[in-house]
Amino acid sequence: MSEAYKPLDPETMPRSPGITYQELLDADSRPVPDVLRLQSPKDMGLQRYSVKRYTSAAWHELEVERLWKKVWQFTCREEDIPEPGDHYRYDIAGMSFLVVRTETGALKAYPNACLHRGRMLKEFDGNAAELRCPFHGFCWKLDGQLKDIPADWDFPQINQSEFSLPEIPLAVWAGFIFINPDQNCDPFDDFIKDLAEQFERWNLGGLYKQAHAAKVMPCNWKIAQEAFCEAFHVNATHPQIMRSIGDVNSQVDVWENCARVITAGGTHSPLLTEVSDPDLIRAMMDLDHDAEVPEIPQGVNLRTFLADRSRENLKAIAGDRAEIYCDAELMDSLDYTLFPNFHPWGAFNGIVYRFRPNGNDHRSAIMECIMLAPFEGERPPAAKVHWLEEDETWSSVLGFLGKVFDQDSFNMPKVQQGLESTYMDGIVLSGYQESKVRWLHHKLTEWVGE
């Protein structure tokens, strides 16, 4: 564990008034799994992080060299390339890679570049029996071995038995495919250890990709990502959900390569003095202020009541698995981050975020939301990515969750513009509520430098 992470005592550390997350768990109607009882708050100091991390092209170039060319990163799901010959193009910070399913079903990753003159081998995701360059026709098998050189007599300098596509380290976890551009990288299992141990109960590999939306955002990738790393902004950005979410009472836990924010649903914000049960239900269900709501049976806990409704709705697509989760797993936002930019949620929440630079433009980012869902019987086909146009809203494809994204997206370019204009030398972060953001910057310092 980094020396910058100093453990805090959950019993004595400063916190918001109101019920704690662990106290909410005490009232759960079912046994609570150990993973939700973990607490790992950290004191990482109160230092500021330079505005240049968001506004400087030179900092972006350091990120490319020291982070994106060196770190394990999520590319696609196994179900995105289920058949031999399927290939997926993954781009990051000006680089392009191919993830390929070979004839034997094995997964391979290569730089998306011909070994002749460097032309990109594949411009789009798809299926092919070979990897042939459209420029001069140099061709490789799906396993990376050389297949054909047109007029090979004219290349006596090439040892054809060794002229294979360079293989990029690849690993699979819970249906997610990761690559590392550094061929001498540390083992993936060590990198993902903390996250993998905590997700043993939640088999994300047993879910399917129900939806996938992406959009180019006019801001640095860290600005887009940080909007999803704390609940402190709910009161100003998402006031409509304050009646049904314990925003500033979120539990924040930090480990080495992963961190999480758990925000309780079915409880109101401590910043509100009082919320009736019917108003809380209306907020949860996105109903009008005077809409009729189901009546809660006498003596039944509100969170249990709402969790039971979720269980019933899930049974049609998840079968008996809907019964194994406690109320908290059905009600709460279990938002994890694996450094640097992979955000899977626990249980049946089914949300996965990814944020990355848009090419080499440090003022532009790609934001993605993948929705995973349980299923019974044969796995449904994976949803294709839907790229939103500049004026197209997240809510047009993701419903209620998209409304929240639209509000977050409204802030992002304003943050970028403000940081370009500010006279302050660094951003100011809270000690606890924004400690996941602080953790990300600590990790960036470890990889990129000050």
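The values are calculated or read from the model by the stated rules, or taken from the named source; none is laboratory data. For clarity, every value in this text was computed on a predicted model and none was experimentally measured. Cβ atoms come from the backbone with ideal geometry, glycine included; neighbour counts cover every protein chain shown.
Overview of results
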quantity	calculated
Extreme residue, surrounded by the fewest Cβ atoms within 10 Å (Cβ to Cβ), among residues of region 336-362 that are at pLDDT 95 or above and among the aromatic types (F, W, Y)	W345
Residue, surrounded by the fewest Cβ atoms within 10 Å (Cβ to Cβ), within region 302-332, restricted to residues that are under 18 Å from P31 (Cα atoms) and polar (S, T, N, Q)	S310
Scope region 369-395; condition surrounded by 13 or more Cβ atoms within 10 Å (Cβ to Cβ) and either outside the structural domain of Q240 (by TED's automatic domain parsing) or farther than 21 Å from C76 by Cβ (or both); matching residues	E392, T393, S395
Hey, A365 buried (at least 16 other Cβ atoms within 10 Å of the Cβ), under 22 Å from the mean Cα position of the chain (by Cα) and small (G, A, S) or not	yes
Residues of region 249-270 classified as within 22 Å of S430 (Cβ to Cβ) and either out of contact with any Gly (no Cβ under 9 Å at 6 or more places or on another chain) or outside the structural domain of P239 (by TED's automatic domain parsing) (or both), total	10
Residue that is farther than 30 Å from A383 by Cα and charged (D, E, K, R), where the choices are R77, R53, R89	R53
Selection status of V100, surrounded by 14 or more Cβ atoms within 10 Å (Cβ to Cβ), hydrophobic (A, V, I, L, M, F, W, C) and not assigned by TED's automatic domain parsing to the domain that holds Q22	yes
Cβ pairs under 9 Å, 6+ apart, first in region 183-210 and under 16 Å from R321 (Cβ atoms) and in contact (Cβ under 8 Å) with a residue 40 or more places away in the chain, second exposed (fewer than 15 other Cβ atoms within 10 Å of the Cβ) and of a type in the set (D, E, K, R)	R201/D34; Y208/R379
Wholly within region 77-172, strands (runs of 3 or more DSSP E) carrying at least 1 residues that are closer than 30 Å to C369 by Cα and acidic (D, E)	86-92
The listed residue being loosely packed, with under 15 Cβ neighbours inside 10 Å and in contact (Cβ under 8 Å) with a residue 40 or more places away in the chain, out of P7, P33, P14, P41	P14
Checking E389 against (1) within 18 Å of L204 (Cβ to Cβ); (2) at pLDDT 95 or above; (3) among the acidic types (D, E), the condition it does not meet	(1)
Qualifying helices (runs of 4 or more DSSP H) (wholly inside region 178-251; at least 1 residues being among the hydroxyl-bearing types (S, T, Y), surrounded by fewer than 19 Cβ atoms within 10 Å (Cβ to Cβ) and modelled with pLDDT of 95 or more)	234-237
Hits in region 352-368 - residues which are of a type in the set (S, T, Y) and more than 19 Å from F74 (Cα to Cα)	S364
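For every residue, the table says whether it meets (1) over 18 Å from V404 (Cα atoms); (2) in contact with a Lys or Arg (Cβ under 6 Å, 6 or more places away or on another chain).
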site	(1), (2)
A307	yes, no
E323	yes, no
D327	yes, yes
P344	no, no
E368	no, yes
P374	yes, no
